[in-house]
1. Is it the case that region 67-85 has a residue that's assigned to a helix (DSSP H, G or I), closer than 30 Å to I191 by Cα and open to solvent by 50 Å² or more (accessible area, probe 1.4 Å)?
2. Please tell me if T56 is exposed (fewer than 15 other Cβ atoms within 10 Å of the Cβ), assigned to a loop (DSSP other than H, G, I, E, B) and on the phi < 0 side of the Ramachandran plot.
3. In this structure, does L137 turn out to be surrounded by 13 or more Cβ atoms within 10 Å (Cβ to Cβ) and more than 24 Å from L197 (Cα to Cα)?
4. Of M130, M123, M118, M151, which residue is modelled with pLDDT of 85 or more and in contact with a helix residue (DSSP H, G or I) (Cβ under 7 Å, 6 or more places away or on another chain)?
5. For region 87-206, please list each of the helices (runs of 4 or more DSSP H) lying entirely inside it that holds at least 2 residues being within 25 Å of A236 (Cα to Cα).
6. Based on this model, can you work out whether L225 counts as buried (at least 16 other Cβ atoms within 10 Å of the Cβ) and under 30 Å from S44 (Cβ atoms)?
7. Can you tell me how many residues in region 14-53 are surrounded by 12 or more Cβ atoms within 10 Å (Cβ to Cβ) and farther than 14 Å from F253 by Cβ?
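The values are calculated or read from the model by the stated rules, or taken from the named source; none is laboratory data. None of the values given here were measured: they were computed from a predicted structure. Note: ideal-geometry Cβ built from the backbone for every residue, glycine included; neighbour counts use all protein chains shown. Protein only, heavy atoms only, side chains kept; ligands, DNA and RNA dropped before computing areas. Shrake-Rupley method; radii C 1.70, N 1.55, O 1.52, S 1.80 Å.
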Amino acid sequence: MKKHKKHNIHSSGLSKKSKWVIYVYMTITCLISLFPIIWVFLSSLKADPTLEPGFTLPKDISFDGYISVFTEMNVLHYFWNSFKIVTVSATLSIIMISMSAYVIARMDFKGKKIVTAMIYSTMFIPATAMTFPVYNLVNKIGIYNTPFALMFVYTCSGIAMSFFIIRNYFAIIPDSLEEAAEIDGASHSQIFWRIMLPIARPGILTAWILAFMNNWNEYYWSSMLIIDHDQLTVPALLGQFTTSFNTNYNGLFSAIIVIVLPPILLFTFTSKYFIEALGGGAVKG
């Protein structure tokens, strides 16, 4: 009886060979993913990375780059610029996308497929193709060289991925909950805010975190729409280390490490919501 039970366990699970293949693949993937960050971190500890190039340990550890980033560059000021712009834009974007995703996921109307296709099509439009119309619009509105310019662009960016995540989460919610609320006399807005939104919280929070991280690391628009040095965001700040004559690699590498830490920490503490959201989508599939 025990042998039969043991046989069932092994037959239903993965073989040792399959597990080793998975472990090797995961190890290689982690090394490839972490290699650039480790390389930049080691370079940031070198007094002059150009004299010690490559993936090597520093001969003498130097923290001059980190000290200059927090003292001379006053990086915390630019952190605040990025934080307020990215937080406001991600929140406004997710609120609007949640409303549209709820309508498309739970209601039937003419042109539903066309609207869905138009939203997904924004994923294939490169930022460079929108440079002139966006730049022209921002100037006409009168918000060029202000934080509102980036808030405006970021709020309307990356909507396809956020819409995909939130729509799939709304789609797996049982119809019985919505029908019960309608019987009780609840309106569509009440159903959305009081029932659907709390249930879909993992998917919505996942979309918000992705929007936050994408906008935090965005460089193209942040370097184009804001030229006032005091209003720059942290990605645009990296351009300040390069001049026409030389590049401060020590300060640049130190600033990169400091800048990438917030998204990494944010994902580390909220990874469970990603798992919940992906699990919800898998149930629907």
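1. no
2. yes
3. yes
4. That would be M151, the only listed residue that is modelled with pLDDT of 85 or more and in contact with a helix residue (DSSP H, G or I) (Cβ under 7 Å, 6 or more places away or on another chain).
5. Of the helices (runs of 4 or more DSSP H) lying wholly inside region 87-206, those with at least 2 residues that are within 25 Å of A236 (Cα to Cα) span 131-141, 147-155, 159-171.
6. Yes: the conditions hold for L225.
7. Final tally of qualifying residues: 1.
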